[in-house]
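Q: Below is the structure I would like to discuss, written out as structure tokens.
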Amino acid sequence: MSLLEIKNLSVQFGRKDAPFNAVEGLDLTVNEGELVGIVGESGSGKSVTMMAMMGLLEGQGRIVADKLSFDGKDLLTISARERRKIVGKDIAMIFQDPMTSLNPSYTVGYQIMEVLKVHQGLRGAALKARALELMQMVEIPAAESRLSAYPHQLSGGMSQRVVIAMAIACKPKLLIADEPTTALDVTIQAQIMELLVSLQKSQNMALIMITHDLAVIAEVAQRVAVMYAGQVVEMGAVPGLFRQPVHPYTEALLSSIPEHSKGASRLSTLPGIVPGQYDRPAGCLLSPRCPYVQPNCRQDRPALSPHGEGAYRCHYPLLNKETAR
Amino acid sequence: MFTFILRRLGLLIPTFFGITLLTFGLIRMIPGDPVEVMMGERSLDPQMHAEALHRLGLDKPLYAQYFDYLSNLARGDLGQSLVTRENVWAEFTTLFPATLELALCAMLFASVVGLLAGVLAAIKRGSLFDHGVMGISLTGFSMPIFWWGLVLIMFFSVSLGWTPVSGRLDLMFDIPPDTGFMLIDAWRAEAADPEYNAGAFKDALMHLILPSIVLGTIPLAVIARMTRSSMLEVMQEDYVRTARAKGLSPARVIFVHTLRNALIPVLTVMGLQVGVLMGGAVLTETIFSWPGIGKWLIDAIGRRDYPVVQNGILIVATLVILTNFIVDILYGIANPRIRHAK
């Protein structure tokens with residue numbers, strides 16, 4: 001049985017009669033201990049999906065799904081109180097900007113211990129010992145003295161380590177890392193990624209890694225979902241998906257990696273931006289930007305078709321074609 | 001934290017000088033002098049007028065008078081009232097508890113109601129309650145104090161007869177002013193002699209209600225609006241989302257993670273309201289015949305009682321500065337980023 005199973009999830013914002021689908025018909029499964037990557041441009045609905053699943057949208061978005069279950073529990077029908085027992089304990093999330101993700105008014109130690117108090121009922125010396133242990137697990141030097149530090153006294157990399165310590169405090173079954181390195185220096189990025197991957201292995205957590213960094217995903221993930229404009233456009237095992245992308249969008253993402261444009265005078269790009277609320281095309285969402293677009297792409301929205309272990313959403317998949325890198 | 005306090009203290013010195021210069025200058029800009037007011041303009045003999053002014057040291061050039069004033073201050077001498085011949089400091093300490101009692105009750109009323117209304121309005125943003133609170137607080141903020149006071153007296157005291165019209169205590173009570181705080185004195189007197197002083201505490205309380213509401217209305221409006229907007233701002237912060245992602249209860253998210261940070265600007269505003277309270281006390285005390293500092297100063301200005309006006313205002317201003325100073329320190333405690341700033 002999968003740890004996380006999402007079937008046909010849609011998240012709508014705005015007025016009921018003219019809703020905007022930030023996420024539309026999304027399917028995703030994550031197995032225990034598995035590392036799944038989610039990639040896609042900004043605005044493709046990666047974060048919203050995860051926030052919806054954790055119940056963090058707070059009445060701003062309407063969530064509709066055929067199935068949304070975690071560890072055998074139905075997250076759609078569960079009460080808010082029951083959900084809070086899962087969120088922060090069995091599902092934890094790491095956010096993009098560590099400098100703003102920690103409360104400036106409380107010490108690092110307090111914020112880590114808060115999770116342990118609420119979910120595990122730890123008190124006194126055991127509480128402090130566990131917090132210290134967590135700080136050491138995320139490789140924070142001088143962990144003991146750092147417990148009483150305030151977030152503004154830490155660097156971005158250190159803050160992100162604290163956020164990670166907080167997230168893994170209750171040994172979650174699923175950790176969601178939402179672009180955990182975007183706000184950090186390049187030198188720190190690799191360290192944080194390495195830490196996350198090693199923790200995932202040692203704690204045997206499932207990890208959903210949302211990122212723009214395709215190279216990291218290719219290296220560490222078992223499966224990857226490519227999202228575009230609120231839909232999963234291609235899904236497959238790694239490295240198959242990277243070797244032989246089937247969807248034109250995946251292909252375009254891969255060819256925009258600088259290493260793949262060696263020798264070319266210009267970096268390969270996909271012109272245009274992700275369609276927003278008012279310019280969603282009627283047909284395939286990629287049709288205005290797709291280099292292989294055909295007339296019927298502009299009218300009919302393609303459904304998800306299975307392909308090997310994964311799936312794709314395209315009328316004219318690049319099945320028998322050499323990839324145009 | 002220590003250097004933080006030292007730096008703040010250093011800023012007090014120029015402020016203090018500014019106040020002495022202002023009070024000294026402003027009272028002398030008002031036409032007339034103490035002798036003229038006491039004797040009456042018409043019957044005043046110029047010879048006697050000059051002699052009286054000379055006796056009071058008011059015939060010296062202004063800079064010399066200012067210098068005298070400062071050197072007296074430096075010796076801790078706040079002078080005597082020209083009218084009552086009483087020591088200014090003694091008069092102040094006698095009257096101040098009445099004002100302090102009123103101001104504290106007004107601030108308590110404003111803070112409790114203001115914070116509660118602000119937090120609830122922010123949580124229920126866009127609801128009828130939210131619009132109601134904001135509308136009422138805007139009305140409260142815009143209302144002239146003297147008019148509002150008179151309306152409340154008309155309604156609650158005259159029409160309904162629920163509260164007394166003015167003063168601190170009914171004349172039938174004779175309470176020794178031990179602490180100067182009528183609530184405490186009345187309570188103690190009633191405890192000491194329950195039969196003779198029956199109902200003294202309740203009477204003192206009833207006398208306090210309307211003035212406190214009148215004086216607290218503007219701070220209440222400011223605090224409620226500030227709390228609401230500050231809460232709304234902090235609720236958008238990433239760390240509040242983090243708190244919710246930790247699976248904390250909504251109450252914990254609001255009161256521990258949001259309110260604590262939202263309070264920082266509210267605290268500053270509350271400190272600034274102390275100045276507003278002192279200004280408001282002048283009007284409120286006049287309307288309710290409340291024997292406090294505000295009424296004392298108004299009377300002194302009318303009599304051109306220079307030492308009382310100069311030093312009374314100086315004391316009040318010092319209190320306002322000190323309160324803001326304390327607020328600054330509290331602010332440093334509430335916000336570690338400020339405490340550690342170099």
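Q: Considering (1) within 19 Å of residue B:331 (Cβ to Cβ); (2) within 14 Å of chain A (Cβ to nearest Cβ); (3) in contact (Cβ under 8 Å) with a residue 40 or more places away in the chain, say which one residue B:235 fails and leave the rest.
A: For residue B:235, the failing item is (1).
Q: Another question about this same structure. Residues A:257, A:210: which one is β-branched (Val, Ile, Thr), out of contact with any Gly (no Cβ under 9 Å at 6 or more places or on another chain) and surrounded by 15 or more Cβ atoms within 10 Å (Cβ to Cβ)?
A: A:257
Q: Please specify each residue of region A:120-135 satisfying the condition of being surrounded by 17 or more Cβ atoms within 10 Å (Cβ to Cβ) and assigned to a loop (DSSP other than H, G, I, E, B).
A: Selection gives A:122 alone.
Q: Being within 12 Å of another protein chain (Cβ to nearest Cβ), out of contact with any strand residue (DSSP E or B) (no Cβ under 9 Å at 6 or more places or on another chain) and within 30 Å of residue A:95 (Cα to Cα): is that true of residue B:252 here? Can you show your working first?
A: Values: within 12 Å of another protein chain (Cβ to nearest Cβ): yes; out of contact with any strand residue (DSSP E or B) (no Cβ under 9 Å at 6 or more places or on another chain): yes; within 30 Å of residue A:95 (Cα to Cα): yes.
Yes.
Q: Follow-up question, since we're still on this one. Would you confirm whether any residue within region B:315-334 is on the phi > 0 side of the Ramachandran plot, hydroxyl-bearing (Ser, Thr, Tyr), under 21 Å from the mean Cα position of the chain (by Cα) and surrounded by fewer than 18 Cβ atoms within 10 Å (Cβ to Cβ)?
A: No, region B:315-334 contains no residue that is on the phi > 0 side of the Ramachandran plot, hydroxyl-bearing (Ser, Thr, Tyr), under 21 Å from the mean Cα position of the chain (by Cα) and surrounded by fewer than 18 Cβ atoms within 10 Å (Cβ to Cβ).
Q: So the check is Cβ under 9 Å with 6+ separation or different chains; which pairs have a first residue in region A:267-279 that's touching a residue at least 24 places away in the same chain (Cβ under 8 Å) and a second one that's surrounded by 12 or more Cβ atoms within 10 Å (Cβ to Cβ) and of a type in the set (S, T, N, Q)?
A: Qualifying pairs under 9 Å: A:274/A:44.
Q: Now, a different point. Name the single residue, out of those in region A:49-91 being among the small types (Gly, Ala, Ser) and without any contact (Cβ under 8 Å) to a residue 60 or more places away in the chain, that is surrounded by the most Cβ atoms within 10 Å (Cβ to Cβ).
A: By that ranking, first place goes to A:52.
Q: Still on this structure: Would you point out the residue of region B:78-98, among those that are in contact with a Lys or Arg (Cβ under 9 Å, 6 or more places away or on another chain) and part of a helix (DSSP H, G or I), that is nearest to residue B:263 (Cα to Cα)?
A: My answer is B:98.
Q: Sticking with this structure for a sec: Applying the selection to region A:235-290, what residues are touching a Lys or Arg at 6+ places or on another chain (Cβ under 7 Å) and polar (S, T, N, Q)?
A: Result: A:255, A:287.
Q: Being acidic (Asp, Glu) and facing chain B (nearest Cβ under 10 Å) is the filter; apply it to region A:42-95 and report the residue that is farthest from residue A:26 (Cα to Cα).
A: Just the residues of region A:42-95 that are acidic (Asp, Glu), to begin with: A:58, A:66, A:71, A:74, A:82, A:90.
Keeping just the survivors that are facing chain B (nearest Cβ under 10 Å) gives A:58, A:90.
On the way: A:58: 20, A:90: 22 Å.
Here the answer is A:90.
Q: Here is a list of conditions, (1) without any contact (Cβ under 8 Å) to a residue 40 or more places away in the chain; (2) on the phi > 0 side of the Ramachandran plot; (3) more than 14 Å from chain A (Cβ to nearest Cβ), and residue B:247 meets all of them except one; can you say which number that is?
A: Going through the list (1) without any contact (Cβ under 8 Å) to a residue 40 or more places away in the chain; (2) on the phi > 0 side of the Ramachandran plot; (3) more than 14 Å from chain A (Cβ to nearest Cβ), residue B:247 breaks only (3).
Residue-wise test of (1) touching an Asp or Glu at 6+ places or on another chain (Cβ under 8 Å); (2) crowded, with 16+ Cβ neighbours inside 10 Å.
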position: B:144; (1), (2): no, no
position: B:164; (1), (2): yes, yes
position: B:176; (1), (2): yes, no
position: B:209; (1), (2): no, yes
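Q: While we're on this one: In region B:30-72, how many are part of a helix (DSSP H, G or I) and under 14 Å from residue B:303 (Cα atoms)?
A: 6
Q: Next up: From (1) crowded, with 21+ Cβ neighbours inside 10 Å; (2) more than 14 Å from chain A (Cβ to nearest Cβ); (3) not small (Gly, Ala, Ser), pick out the condition that doesn't hold for residue B:205.
A: Tallying (1) crowded, with 21+ Cβ neighbours inside 10 Å; (2) more than 14 Å from chain A (Cβ to nearest Cβ); (3) not small (Gly, Ala, Ser), residue B:205 fails exactly one: (1).
Q: Another question, if that's okay. Looking at residue B:258, is it within 14 Å of another protein chain (Cβ to nearest Cβ), on the phi < 0 side of the Ramachandran plot and among the hydroxyl-bearing types (Ser, Thr, Tyr)?
A: yes
Q: If you go through region A:101-125, how many residues are over 14 Å from residue B:256 (Cα atoms) and either of a type in the set (Phe, Trp, Tyr) or within 7 Å of chain B (Cβ to nearest Cβ) (or both)?
A: Within region A:101-125, residues that are over 14 Å from residue B:256 (Cα atoms) and either of a type in the set (Phe, Trp, Tyr) or within 7 Å of chain B (Cβ to nearest Cβ) (or both) number 2.
Q: Checking the condition over 23 Å from residue B:249 (Cα atoms), surrounded by 18 or more Cβ atoms within 10 Å (Cβ to Cβ) and either of a type in the set (Ser, Thr, Tyr) or within 14 Å of chain B (Cβ to nearest Cβ) (or both), which residue from A:172, A:151, A:98, A:180 passes? Break it down into steps so the answer makes sense when it comes.
A: Working: A:172 fails: over 23 Å from residue B:249 (Cα atoms); A:151 fails: over 23 Å from residue B:249 (Cα atoms); A:98 fails: over 23 Å from residue B:249 (Cα atoms).
Going through A:172, A:151, A:98, A:180 in turn, the sole match is A:180.
Q: Please name all residue pairs, on different chains or six or more residues apart, with Cβ atoms under 7 Å, provided the first residue is in region B:133-159 and is without any contact (Cβ under 8 Å) to a residue 60 or more places away in the chain and the second residue is surrounded by fewer than 17 Cβ atoms within 10 Å (Cβ to Cβ).
A: B:156/B:162; B:157/B:165
Q: Now a separate question. Under 7 Å by Cβ, and 6 or more places apart or on different chains, what pairs join a residue from region A:1-18 that is part of a loop (DSSP other than H, G, I, E, B) with one that is modelled with pLDDT of 90 or more and among the aliphatic types (A, V, I, L, M)?
A: Short answer, once both residue conditions are applied: A:2/A:30; A:3/A:30; A:3/A:174; A:3/A:206.
Q: While we're on this one: Can you go through A:246, A:220, A:238 and tell me which one is touching a residue at least 24 places away in the same chain (Cβ under 8 Å) and surrounded by 22 or more Cβ atoms within 10 Å (Cβ to Cβ)? Reasoning before the result, please.
A: Values: A:220 fails: surrounded by 22 or more Cβ atoms within 10 Å (Cβ to Cβ); A:238 fails: surrounded by 22 or more Cβ atoms within 10 Å (Cβ to Cβ).
Answer to the check: A:246.
The values are calculated or read from the model by the stated rules, or taken from the named source; none is laboratory data. All figures in this text were calculated on a predicted structure; none of them were measured in a lab. Note: ideal-geometry Cβ built from the backbone for every residue, glycine included; neighbour counts use all protein chains shown.
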